[in-house]
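What follows is a single structure, written as structure tokens, with notes after it.
The values are calculated or read from the model by the stated rules, or taken from the named source; none is laboratory data. Just so it is clear, the structure is predicted and the values come from calculations on it, not from any experiment. Cβ sites come from the backbone with ideal geometry, for glycine too, and all protein chains shown count toward neighbours. Each accessible area value is taken on the protein alone, full model and side chains, heavy atoms only, with ligands, DNA and RNA left out. Shrake-Rupley method; radii C 1.70, N 1.55, O 1.52, S 1.80 Å.
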Amino acid sequence: MSGTHDVPGGVPGGAPGGVPGDPHGGRDRPGHRAALALGDDALVLAQRLGEWAGHAPELEEDVALANIALDLLGQARTLLSLVDDEDKLAYLREEREFRNVQLVEQPNGDFAQTIIRQLYFSVYQELLYGQLAGCRPEDATPVAALAAKAVKETAYHRDHAEQWTLRLGDGTEESHRRAQRTVDGLWRYTGELFQPIEGLDIDWDNLRATWTTSVRAVLEQATLRVPEGSQGAVWAAGGGRQGVHTEPFGRLLAELQYLHRSHPEASW
Amino acid sequence: MVTDTPLVPDAAAPGEAPTPLEAELLRLAGSVPDPELPQLSLADLGVVRAAHQHPDGRVEIALTPTYTGCPAVETMAEDIRRVLAEHGHPDAAVHTVLSPPWTTDDITAEGRRKLAESGIAPPRPGGPAPGGGPVPLTLAVRCPNCGSTETELLSRFSSTACKALRRCVSCREPFDHFKELL
């Protein structure tokens, strides 16, 4: 990320519409809270997927996961720039200030875990962006404009995750076993996806129903068992939107922020 | 990052014909080669949206990214500023607009020809024919090397965000396909 802002009529690097002297740079306005939540989802998942570069099972997957990460990073930059300086937000916030769902910070694990995490998240993001993009262009908020743009990219991410879910679930005994293990293991993080975000005009019940139908169809076709019970009923994971994160998130942030904190303003 | 606040081009309000200067600015900005596909100009790619001269003389160009995360956007903006500076507009501003989203249908016929010529299968056209013509068939992706329509998908993602990797079943050559974004 570079800090060269070019905002006609705006304050370079500043918070658009931010209140002078506001220590949070306008982050507490509802529209900004929404941009921060969606921007953090994209940023954290981009960082996770970037960890695969050079380690994926085959070259095409190295390229695919890096491309998906790049799309997400682009979304994150646009969304976070709506709130404040993107570099400041990415590199200088503490763990409790991030508003991403806990699903995206979960470790890559084996390839199956990455793919199932991708399935759960990309189906959600495509539906969410699709609803946001549904308004008339002249009514579009900046977040809706980004959603209308990014929903087409997300469709490719979802397709990628679906194809791999089918191959892993309906593949060998070992790939099926591992896919099922992570389908069950990550299920508890999916309830949080449907926690309403202030500032977004979304039918959350409809989003949850559509998500469940879509994910169920893919899992069943992949011969995987759909976990029973509502998401998070036994042990309700979630709280990421309120700044509560799981243990692996701290290590992810350390890697993400280390260079910038050690060498402030470092650039290529 | 090059961003904008309103996300709608305040340059050139819809329906307002560009002034001769603005048309010239559009031509100059459009003549800049794409940083990753230098055989195409930004005009071929359809990413230069508008040019505007403010009453106080300031000049502004609206640019739209192909993909949200396209790393070439910043280079494009720099190149446009440089070309405009060389033509007497030293302080031109370039800002990005997202709405309406760019689609592969914004690539001109000339752009498609140049893509195919350089070994990249162009994106297939999308949307119904203007005037409500027949429902379009899903066309095969043609091999840019031998012209065969027998090609297969290797990966949905390739050397850049905008391309997929395919292979020709006839001549066995792998090739990039500028994938559809509609």
Sole miss for A:Arg225 among (1) under 30 Å from A:Glu94 (Cα atoms); (2) at pLDDT 95 or above; (3) open to solvent by 20 Å² or more (accessible area, probe 1.4 Å) is condition (1)
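Quick grid of which residues meet (1) among the small types (Gly, Ala, Ser); (2) exposed (fewer than 14 other Cβ atoms within 10 Å of the Cβ); (3) outside any strand (DSSP E or B); (4) not assigned by TED's automatic domain parsing to the domain that holds B:Ile80:
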{"residue": "B:Glu24", "(1), (2), (3), (4)": "no, no, yes, no"}
{"residue": "B:Pro38", "(1), (2), (3), (4)": "no, yes, yes, no"}
{"residue": "B:Ala43", "(1), (2), (3), (4)": "yes, no, yes, no"}
{"residue": "B:Ala51", "(1), (2), (3), (4)": "yes, no, no, no"}
{"residue": "B:Pro55", "(1), (2), (3), (4)": "no, yes, yes, no"}
{"residue": "B:Ile61", "(1), (2), (3), (4)": "no, no, no, no"}
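Is it fair to say B:Arg81 is assigned to a strand (DSSP E or B), of a type in the set (Lys, Arg) and more than 9 Å from chain A (Cβ to nearest Cβ)?
No: the conditions fail for B:Arg81.
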Of the residues A:Thr165, A:Thr154, which is assigned to a helix (DSSP H, G or I), among the hydroxyl-bearing types (Ser, Thr, Tyr) and farther than 13 Å from A:Leu72 by Cα? A:Thr165
Suppose the filter is closer than 25 Å to A:Ala66 by Cα, modelled with pLDDT under 95, open to solvent by 30 Å² or more (accessible area, probe 1.4 Å) and not in a helix (DSSP H, G or I); does A:Ser267 pass it? yes
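Quick grid of which residues meet (1) modelled with pLDDT of 95 or more; (2) open to solvent by 10 Å² or more (accessible area, probe 1.4 Å):
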| position | (1), (2) |
| --- | --- |
| A:Glu126 | yes, yes |
| A:Ala133 | no, yes |
| A:Ala140 | no, yes |
| A:Lys149 | no, no |
| A:Ala155 | no, yes |
| A:Asp170 | yes, yes |
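Filter region A:57-67 for residues that are open to solvent by less than 20 Å² (accessible area, probe 1.4 Å) and more than 7 Å from chain B (Cβ to nearest Cβ); which is nearest to B:Cys70 (Cα to Cα)? Write out each step before concluding.
First, pick out the residues of region A:57-67 that are open to solvent by less than 20 Å² (accessible area, probe 1.4 Å): A:61, A:64-65, A:67.
Now narrow it down to the ones that are more than 7 Å from chain B (Cβ to nearest Cβ): A:61, A:65.
On the way: A:Glu61: 19, A:Leu65: 15 Å.
Of everything passing the filter in region A:57-67, A:Leu65 is nearest to B:Cys70 (Cα to Cα).
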Taking the criterion of being more than 16 Å from the chain's Cα centre (by Cα), open to solvent by 60 Å² or more (accessible area, probe 1.4 Å), modelled with pLDDT of 95 or more and not charged (D, E, K, R), would at least one residue in region A:233-244 satisfy it? no
Can we say A:Ala161 is aliphatic (A, V, I, L, M), open to solvent by less than 40 Å² (accessible area, probe 1.4 Å), farther than 27 Å from A:Val83 by Cβ and within 12 Å of another protein chain (Cβ to nearest Cβ)? yes
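Going by what's in this entry, would A:Phe121 be described as closer than 17 Å to A:Val215 by Cα, within 13 Å of the chain's Cα centre (by Cα), more than 11 Å from every other protein chain (Cβ to nearest Cβ) and hydrophobic (A, V, I, L, M, F, W, C)?
Yes: the conditions hold for A:Phe121.
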Selection within region B:149-159 - touching an Asp or Glu at 6+ places or on another chain (Cβ under 7 Å), open to solvent by less than 20 Å² (accessible area, probe 1.4 Å) and part of a loop (DSSP other than H, G, I, E, B): B:Ser158
Could you say whether any residue in region A:204-212 is surrounded by fewer than 11 Cβ atoms within 10 Å (Cβ to Cβ) and under 30 Å from A:Asp139 (Cβ atoms)? yes
Can you tell me which residue is most open to solvent (accessible area, probe 1.4 Å) among those in region B:84-102 that are at the interface with chain A (Cβ under 8 Å from one of its Cβ atoms) and within 21 Å of A:Ala140 (Cβ to Cβ)? B:Pro100
If I go through region A:103-124 residue by residue, how many of them are open to solvent by less than 10 Å² (accessible area, probe 1.4 Å) and not hydrophobic (A, V, I, L, M, F, W, C)? 7
If you go through region A:124-150, how many residues are under 15 Å from the mean Cα position of the chain (by Cα) and farther than 18 Å from B:Leu181 by Cα? 3
Taking region A:245-255 and keeping residues under 15 Å from A:Leu186 (Cβ atoms) and either in a loop (DSSP other than H, G, I, E, B) or open to solvent by 30 Å² or more (accessible area, probe 1.4 Å) (or both) leaves A:Thr246
When restricted to A:Ala90, A:Ala53, A:Ala76, A:Ala35, the only residue open to solvent by 10 Å² or more (accessible area, probe 1.4 Å) and within 14 Å of another protein chain (Cβ to nearest Cβ) is A:Ala53
Residue match in region A:133-149 (condition: hydrophobic (A, V, I, L, M, F, W, C), over 18 Å from A:Thr114 (Cβ atoms), free of Cβ contacts under 8 Å to residues at least 40 places away in the same chain and outside any helix (DSSP H, G or I)): yes
